1. Can you compute log10 of I(q)/I(0) for segment 211-292 with the Debye formula, treating each Cα as one identical point scatterer, at q = 0.12, 0.21 Å⁻¹?
2. Mind listing the phi-derived Karplus ³J(HN,Hα) values for segment 90-101, rounded to whole Hz, using 6.51, -1.76 and 1.60 with θ = phi - 60°, and x for any glycine or proline?
3. Select from Val173, Gly53, Ala185 the residue farthest towards the positive end of the dipole of the chain; place +1 on Cβ of Lys and Arg, -1 on Cβ of Asp and Glu, and compute about the Cα centre.
4. Report the charge-dipole magnitude of the chain in Debye, nearest 20, computed about the Cα centre from +1 at each Lys and Arg Cβ and -1 at each Asp and Glu Cβ.
5. If you project the alpha carbons of segment 247-323 onto the principal axes, what extent comes out on each, in Å, largest first?
6. Arrange the peptides 164-177, 288-301, 196-209 so that the one whose residues have, on average, the most other Cβ atoms within 10 Å appears first.
7. Apply the a/c threshold of 1.5 to the C-alpha gyration tensor of segment 97-234 and tell me whether it is rounded, prolate or oblate.
8. Search the structure for amide H atoms under 5 Å from the amide H of Ala67, placed 1.01 Å from N in the peptide plane, and list their residues when 5 or more places away or on another chain.
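The values are calculated or read from the model by the stated rules, or taken from the named source; none is laboratory data. Computed from a predicted model, the values in this text were never measured in an experiment. For neighbour counting, all protein chains shown are included, and Cβ atoms are generated from backbone atoms with ideal geometry for every residue, glycine included. Protein only, heavy atoms only, side chains kept; ligands, DNA and RNA dropped before computing areas. Shrake-Rupley method; radii C 1.70, N 1.55, O 1.52, S 1.80 Å.
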Amino acid sequence: MANRVCEALGIEYPVIQGAMAWTSMAPLVAAVSEAGGLGVLGSGFMPKEIILGQVDAVRKMTSKPFAANLFLDPGPQLEIGTEAILEGKVPVVYIDSLNLLQYDLTKEYYDRFHAAGCKVIAKINYLEDAVVAEKAGADVIITKGVEGGGHCTKVSGRVLLAEVVNAVSTPVVASGGIATPRQAAGCTVVGAEGVEMGTAFMASEECPVHINVKKAIVKAIDRDIVACGASTGEPSWQIRNKLADKLLKIDQDHPWSEAADMIREASSGSLRIASLDGEVEEQGAVMGGQVVGLIHEIKPVKALVADFCKEWQEWLSKSYSLF
Ligand SMILES: Cc1cc2nc3c(=O)[nH]c(=O)nc-3n(C[C@H](O)[C@H](O)[C@H](O)COP(=O)(O)O)c2cc1C
């Protein structure tokens, strides 16, 4: 039976590698797409020249479809990213928002991408955004639950997926806290036609982050993950270390009007310090999601795409019975 996510995106396996700022760079994106899934450039905050350079780099490594990330939030970056993705003729745009989607703006941008022949993935955190995304013409909807790496949201992945599949007819991809084929099989039963993984791909062999970041993910357990930066309005999950403790203390000890700037200052460059320099104890931020407890080894991308789907299908072929 044909899989609608694969058909919509022109891919072989319904596995999407989540966009990860300054982490899902060309080598990972190309590896995932080449393996038959969909690689997504973490281009949401990148200047135009860097996006175009990354797009070129991906094309040198694969001729298969891939995507680039754009945040649908008004501001200069929206136009910078849109121009780069259109100019680079990226086959799929992966759009999310740090705020609730506004229908008119959403429709305007989806139409611009569709007019250029670009497929649109909407990554959403709330049911009402899924409804707006479908009305505006999204080709695929990803439901990202609170447990997923990156920015913390509110609704659990289990609840969000069940709500969204009941409300839309667009193919839905489950995301947040997924790292095993058996979980993916559970999502299929609920109604998902694909899965997205971020943290699991961050710990893959092909991800171009420092080995210490991958080892930190493998070593961490579920309760090591803490939400940092609540006062900024955009808290993100991090593996607990000295920096995370410092950020948590700032929010605890200061009025949030002051804490937000202190957090920004204390965490400035922290992703780079971990990802490039490999310093993951004191000042570097390792932004893994709660799923770290299910990640026990550094795997090649293939194991997270073709091998993953083979086992996923095997789980679906088993017959379960409650009585
Ligand atoms: C280090 C890191 C950076 C991320 N950066 C972004 C980003 O720039 N844009 C975005 O849409 N999502 C971002 N995310 C979220 C992922 O795309 C994906 O939705 C999430 O990781 C899925 O949950 P999981 O980590 O439990 O698999 C990031 C996630 C991580 C772990």
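1. The calculated log intensity ratios at q = 0.12, 0.21 Å⁻¹ are -0.31, -0.88.
2. With the stated coefficients, segment 90-101 comes to 5, x, 9, 9, 10, 10, 9, 8, 7, 10, 5, 6 Hz.
3. Farthest towards the positive pole: Ala185.
4. That gives the chain a dipole magnitude of about 720 debye.
5. 56, 37, 17
6. Highest to lowest by the protection proxy: 196-209, 164-177, 288-301.
7. Since a/c reaches 1.5 and a/b is larger than b/c, the shape of segment 97-234 is classed as prolate.
8. Gly39, Val40, Leu41
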